[in-house]
């Protein structure tokens, strides 16, 4: 079975998965990085090296933080709260 087959058998990767950063944790604690996996037969076909107790890790894709976007959203929330407070205070 290929790496994709194992992931599909477990229910598949989520839409938020970073499939380019998949790594393997061996049962002995060693870690096989994405670079080591891409150079192996793991991605290209039958991989006989998966052993009992090994864990395939598919991390979440990290979205970059946009400071300007966050500032805009926070400013809008504060403005709306101030406007609501002023409206309540005017009664």
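Filtered by the rule that a residue be surrounded by fewer than 11 Cβ atoms within 10 Å (Cβ to Cβ) and not in a loop (DSSP other than H, G, I, E, B), the stretch 6-18 gives a lone residue, 9.
Residue-by-condition table, conditions (1) modelled with pLDDT under 90; (2) part of a loop (DSSP other than H, G, I, E, B):
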{"site": "1", "(1), (2)": "yes, yes"}
{"site": "4", "(1), (2)": "yes, no"}
{"site": "20", "(1), (2)": "yes, no"}
{"site": "42", "(1), (2)": "yes, yes"}
{"site": "51", "(1), (2)": "yes, yes"}
{"site": "65", "(1), (2)": "yes, yes"}
{"site": "69", "(1), (2)": "yes, no"}
{"site": "76", "(1), (2)": "no, no"}
{"site": "79", "(1), (2)": "no, no"}
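Within the stretch 19-38, the set of residues being over 17 Å from residue 52 (Cβ atoms), touching a residue at least 12 places away in the same chain (Cβ under 8 Å) and surrounded by 11 or more Cβ atoms within 10 Å (Cβ to Cβ) comprises 19, 21, 22, 23, 34, 37.
Of the residues that sit in the stretch 46-91 and are free of Cβ contacts under 8 Å to residues at least 12 places away in the same chain and under 30 Å from residue 23 (Cα atoms), which one is surrounded by the fewest Cβ atoms within 10 Å (Cβ to Cβ)? So, considering only residues that are free of Cβ contacts under 8 Å to residues at least 12 places away in the same chain and under 30 Å from residue 23 (Cα atoms), the one surrounded by the fewest Cβ atoms within 10 Å (Cβ to Cβ) is 64. Taking residues in the stretch 1-17 that are in contact (Cβ under 8 Å) with a residue 24 or more places away in the chain, and partners anywhere that are part of a helix (DSSP H, G or I), the pairs with Cβ atoms closer than 7 Å and at least 6 places apart or on different chains are 13/7; 13/19.
The values are calculated or read from the model by the stated rules, or taken from the named source; none is laboratory data. All figures in this text were calculated on a predicted structure; none of them were measured in a lab. Note that we place each Cβ from the backbone using ideal geometry, even for glycine, and neighbour counts take in every protein chain shown.
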